[in-house]
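The values are calculated or read from the model by the stated rules, or taken from the named source; none is laboratory data. Just so it is clear, the model here is predicted, and its values are computed rather than measured. Glycine also receives a Cβ, built like all others from the backbone with ideal geometry; neighbour counts cover every protein chain displayed.
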Amino acid sequence: MDLRLKPCSTTTLQNDRNCGDILISDRLTNLPDELLIRILSLLPTKDAAVTSILSKRMRCIFPLITSLEFDDSPISHCSDFPFAIQRFPTFVTFVDSVLSAYKSQYLTRFKLGVGADFTDTSCTDCKFNGPEEKDCCPDLKATQVNAWISFPLTRCGLRELDLRIQVKQPGDCLLPLEIFNCETLEVLKLDVNLSLDKTSTMSSFHLPNLKLLQLRVAFIFEEAFVTRLVSGCPVLEDLIVDVYWNHVHFTNISSPSLRRLCLFVNKLDYVDNTDCVIINTPNLEYLEYTDNLALQYSVPNMNCLVKADVYLENQLLREEFEVSSVQMLTFIRPLSNVQHLTLSGACIEVLSYVDVNDHLPVFNNLKRLELYHCCNSWDKLLLAFLNCSPVLETLVFPTGFVSSGDTTSSRYNQDTCVLERRFCEEALSVVPSCCRNHLKRIVIKYYYGIERELCLIRFLLRYALVLEDLVLFRRKFAKADRMFLENTLQNLPRASVACSIHVLNCNLPMVRRTS
């Protein structure tokens, strides 16, 4: 198929231009108004504005576009790393001029980005250390911010609202309450340090068409805010909540329509663990949950769950790990239908201190399991997960078997190695079903080459009967160490004749393979 553009027609049209003896048709400005509006609405607003210089007709079309996008992200407001800060007044003037000239009664998409995006690595070394410091935030008047964020709510048909606003002095900058009662909204993204105080005066929220809600705000003081907000979104499918909670100890996410949930609970008060967490999402397919281990959980089975990433911290002492393990298992059991499970934080540490072999649920659909390293030995936990995952195909240790501190603490290694060595050397009466029929790939990152690791690797190689790949990642090391490691791994006995061992250098894209 010939995709080359055909030459312009030489027929004379209203906006033809004389080019020598040939009349070249101006195709763009001869398109219908409706089509021109749709084309310009797909462009970033700053690019669409440039078309105004083409002709008088394009200057009339631009104020009618149905999508507005303003983003000052190329401008750094950081005092330590200034970049083109002089452009910010121009940006402010541009936003004001576009909004004042806007003529359309229909605005389907509005995106406004003001202030540094603190997830950007460019600000990791500056003075910004938390919500209370705003060295990277622009200094805007509250009246101006309020006018900008209220503008899209004065138009009809708004389907997507994306506000990323971080200002130096939030002061009287308030999110309009109309946002939470916009019946046409389908996508709402709020990443702001503006006040949500007035939302407590609302009797209810009403967002009947909202499918995606992303909430990143500085502080939440009202305990029921998120609960009430979610209940006002009957068709919500995607929810991201990443906020600082202040004196909020009750979390309730209940939604039959929710398919994806990312819940990051950042607490400012960890004095007493009185938290209660309710997650009632029967049709959830993806869960990402970060929190301190709560005192109580109410989580019905998630039968549709495909992937879960769980990071839980624990504030209790090691002497109370038996109590913590009960709470941890209460949360993990409803995830038993998951296909891809990642456990990190204190999840593994807590469970490794108790015998969970008969308490873990059976993960009948689990094909990929990622376990971050624990501070205790693996003898209680590793076999328990293998026994409870009958169809497991891939086992990953993203942070290895041990931490870097374990490699230098000989006393700690001696204590834990006794149990691990005994566990690894004793013959299993029954080989786990996944090891006999399904486990084909094991990945170990941050491999240090100490005896504890080799002991566990020997155990896995002895019982993984259908293993195809054992992959180890190690940081850059000397040639002599590399040769010793390769020789050691090559001589390890393997139950699977098809198994190959791959040694990958973390710093170089080089693969060493021994088979």
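Quick notes on this structure:
- Subset of segment 423-440 that is of a type outside the set (S, T, N, Q) and surrounded by fewer than 16 Cβ atoms within 10 Å (Cβ to Cβ) - its residue that is nearest to S403 (Cα to Cα): E425
Here's the yes/no breakdown for (1) modelled with pLDDT of 85 or more; (2) touching a helix residue (DSSP H, G or I) at 6+ places or on another chain (Cβ under 9 Å):
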| position | (1), (2) |
| --- | --- |
| D355 | no, yes |
| N365 | yes, no |
| L369 | yes, yes |
| H373 | no, yes |
| N376 | no, yes |
| A384 | yes, yes |
| S389 | yes, yes |
| S409 | no, no |
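- Verdict on L461 being out of contact with any Phe, Trp or Tyr (no Cβ under 6 Å at 6 or more places or on another chain), crowded, with 19+ Cβ neighbours inside 10 Å and touching a residue at least 24 places away in the same chain (Cβ under 8 Å): yes
- Unique match (being of a type outside the set (D, E) and within 24 Å of E393 (Cα to Cα)) among V354, V338, V350: V338
- Scanning segment 151-161 finds one or more residues that are at pLDDT 75 or above, more than 27 Å from the chain's Cα centre (by Cα) and among the aliphatic types (A, V, I, L, M).
- The one condition in (1) in contact with a strand residue (DSSP E or B) (Cβ under 8 Å, 6 or more places away or on another chain); (2) farther than 30 Å from D172 by Cβ that P282 fails to fulfil: (1)
- Answer residue from segment 243-277, given it is under 22 Å from the mean Cα position of the chain (by Cα) and hydroxyl-bearing (S, T, Y) and is modelled with the lowest pLDDT among those: Y244
- When segment 357-366 is filtered for residues that are surrounded by fewer than 20 Cβ atoms within 10 Å (Cβ to Cβ) and touching a residue at least 24 places away in the same chain (Cβ under 8 Å), the ones remaining, listed by number, are N357, H359, L360, P361, V362, N364, N365.
- Filtered by the rule that a residue be outside any loop (DSSP other than H, G, I, E, B), of a type in the set (A, V, I, L, M) and more than 21 Å from N146 (Cβ to Cβ), segment 174-225 gives V187, L212, L213.
- Of residues in segment 162-213 being of a type in the set (S, T, Y) and either outside the structural domain of L107 (by TED's automatic domain parsing) or touching a Leu at 6+ places or on another chain (Cβ under 6 Å) (or both), the one modelled with the lowest pLDDT: S195
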